[in-house]
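Accompanying notes for the structure given below.
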Amino acid sequence: MKFQDLFPKPEAGSWEKAFFKETKIVGETVPEVRNQEGLSQSYFYTQSEPLVLDNQKAGWKIRQRINTKKPEALKSIENCFNSGVNILEINNIPILSEILKPAQIGLYEVSLSQVLAAIHQFSQHQISWAEGFLPSILCSGIWHEPDWEQLIQYIQGFQKPLPISVAPVRNGGGTVVDEVTTALLAMDYIVQELLVRNVSLHELANRIQLRFATGPHIMSEIAKYRAVRFLWNKFWKGYNIDTESIPAYLIAETTIWNFSPADPHTDILRATGAAFSSIVGTVDELLISPCPESAISPVEFGLRIARNIQHILKEESYLAATADPSAGAHYPETLAQQIINQVTAKLKELNPKGNLKTLLLHNELTPAFALRKQELVKRYREKQQSLIGVTHYLNPNSINVDLPKVSAERNTDFTPVSQTPIYFLL
């Protein structure tokens, strides 16, 4: 007997009809529900037009960020080298002279000129600009005109990748649509500025990387990365660039705004969920933000757990064995199409107002992110929205834990607690 005889293929729409019958929904219309990212959700999903994405290699590279201005930084660096970290991000150039093992290093919180000087001085290391273009502008709210000649030297003379990081958008309250929209605006701005300086399109397509922050809504984040790959292809096809040989290169870091220093064990679950959605969304590199430093979560504990999460997902969950785990899944593909549609509409709305520089100078982007952040704080305070372990089910043993002191200096190794909704809830 054939398999098809035992399990005949159901008629198209039969299970949908059964769903409506069992749930007693009148008229076969499902009320619309929107998630916290502003995306429409349904009670069930049917196959939509599949997104044709570039073929990706299975697996990803592990990043880890070390605040090398802290004591015992060299010990943390050595632990990274012994624990399978592929790319180490540090923020202290002089310490490079003490790192004897040749390594792939990303420098953050430093200027491009400092990165170029470090490349010259420490040739034994593969040094790159970790934050790349945009973060300082988005964090400060002040436009700093890039040194385009240095940028050209970096990507052409030294053949280095140029990341465009929009993680501050996500950590600052923006939705997945805000984040993707800003990434495309930044990419378009850089391409236009470098084209007039005689940098080839092919060179730009090969050098530009996109860096995002992955939040807590797993399906929306998976959909975000799928949407980005589709929009990357669409962007370069507008310049007649064949993206089959130049797929999007995506870097993810887990968000920090939803972490709580008072409950690091729940933070581990939050980081694991964000890491999972990043990987299933087919990112090429992943940095897991460690738990915020506190009396019950010392620095090295947070860094070690952040590394171990990635190893468990690789070696025990086998997520590195499949190139595109969510391909053909109706739910994330439907959400991805919504993100594509909303980003496209947003870009059309912003286009008459100018390019990225004009939009930032005229304060067209950041107020929306700040407003959403205020709304999040309000919903958390009033318990209209839950953060498990913070607004609900807080560990009673953690309530009186000593929290990090609020400092004017940005703590880049861990959560800048004073800048997050969490801070107002503690």
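The values are calculated or read from the model by the stated rules, or taken from the named source; none is laboratory data. Given the structure is predicted, the values throughout are model-derived calculations rather than measurements. Every residue, glycine as well, gets a Cβ built from its backbone with ideal geometry; the counts of neighbours run over all protein chains shown. For accessibility, only protein heavy atoms count, side chains too; no ligands or nucleic acids. Shrake-Rupley method; radii C 1.70, N 1.55, O 1.52, S 1.80 Å.
Using a 1.4 Å probe over the heavy atoms of the protein chains, calculate the carbon and sulfur portion of the accessible area of region 126-268 as a whole percent. Spell out each step's value before the answer.
Values: 2320 of 4470 Å².
That share works out to 52 percent.
Provide the per residue accessible area, probe 1.4 Å, for region 301-369, rounded to a whole number of square angstrom.
About 50 Å² of surface per residue is accessible.
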Cα-only Debye scattering, region 183-222: base-10 log of I(q)/I(0) at q = 0.28, 0.35, 0.36 Å⁻¹: -0.94, -1.18, -1.21
Rg(Cα) / (2.2 N^0.38 Å) computed for region 170-319, rounded to two decimals: 1.17
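Which GluC sites (Glu not before Pro) from region 193-279 combine a DSSP loop assignment with at most 12 other Cβ atoms within 10 Å? Spell out each step's value before the answer.
Details: sites: GLU193, GLU203, GLU221, GLU244, GLU253; in loops: GLU244.
Within region 193-279, the qualifying GluC sites (Glu not before Pro) (loop, at most 12 other Cβ atoms within 10 Å) are GLU244.
Based on the Cβ-Cβ distance of LYS70 and ARG34, what FRET efficiency does E = 1/(1 + (r/R0)^6) give at R0 = 60 Å, to the nearest 0.05?
Values: r = 42 Å, r/R0 = 0.69.
E between LYS70 and ARG34, to the nearest 0.05, is 0.90.
Quote the FRET efficiency, to the nearest 0.05, computed for GLN126 versus SER42 with a Förster distance R0 of 41 Å and r equal to the Cβ-Cβ distance. Don't skip to the end; give the middle numbers.
On the way: r = 46 Å, r/R0 = 1.12.
Computed FRET efficiency for GLN126 and SER42 comes out at 0.35.
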Relative contact order of region 169-251, defined on C-alpha pairs under 8 angstrom at six or more residues apart (%): 34 percent
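Counting only protein chains, not ligands or nucleic acids, how are LYS346, LYS160 ordered by accessible area (probe 1.4 Å), most first? Mind showing how you got there, number by number?
On the way: LYS346 65, LYS160 35 Å².
From most exposed to least exposed: LYS346, LYS160.
Quick one: with all protein chains in place, what share of the accessible area of region 307-359 is carbon or sulfur, to the nearest percent (1.4 Å probe)?
On the way: 1370 of 2640 Å².
Carbon plus sulfur share of accessible area: 52 percent.
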Listed residues SER40, SER220 arranged by accessible area, highest first, probe 1.4 Å: SER40, SER220
Accessible area of ILE222 in the full protein assembly, 1.4 Å probe (Å², nearest 10): 10 Å²
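Sort MET219, MET187 by heavy-atom solvent-accessible area, probe 1.4 angstrom, most to least. Can you show the working numbers first?
On the way: MET219 65, MET187 0 Å².
Solvent-accessible surface, decreasing: MET219, MET187.
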Other-chain or far-sequence residues with amide H under 5 Å of ALA213's (modelled H): ALA167, ARG170, GLU253
Cross-link reach list, lysines versus LYS61, counting only Cα pairs under 16 Å and skipping chain neighbours closer than eight places: LYS314
Modelled FRET efficiency - R0 35 Å, GLN385 with HIS330, Cβ distances, 0.05 increments: 0.85
Region 275-289 - phi-based ³J(HN,Hα) in whole Hz, Karplus 6.51/-1.76/1.60, Gly and Pro as x: 5, 4, 5, 5, 5, 5, x, 6, 6, 8, 9, 9, 10, 8, 5
Scattering profile of region 143-190 at q = 0.27 Å⁻¹ [log10 I(q)/I(0), Debye over alpha-carbon scatterers]: -1.00
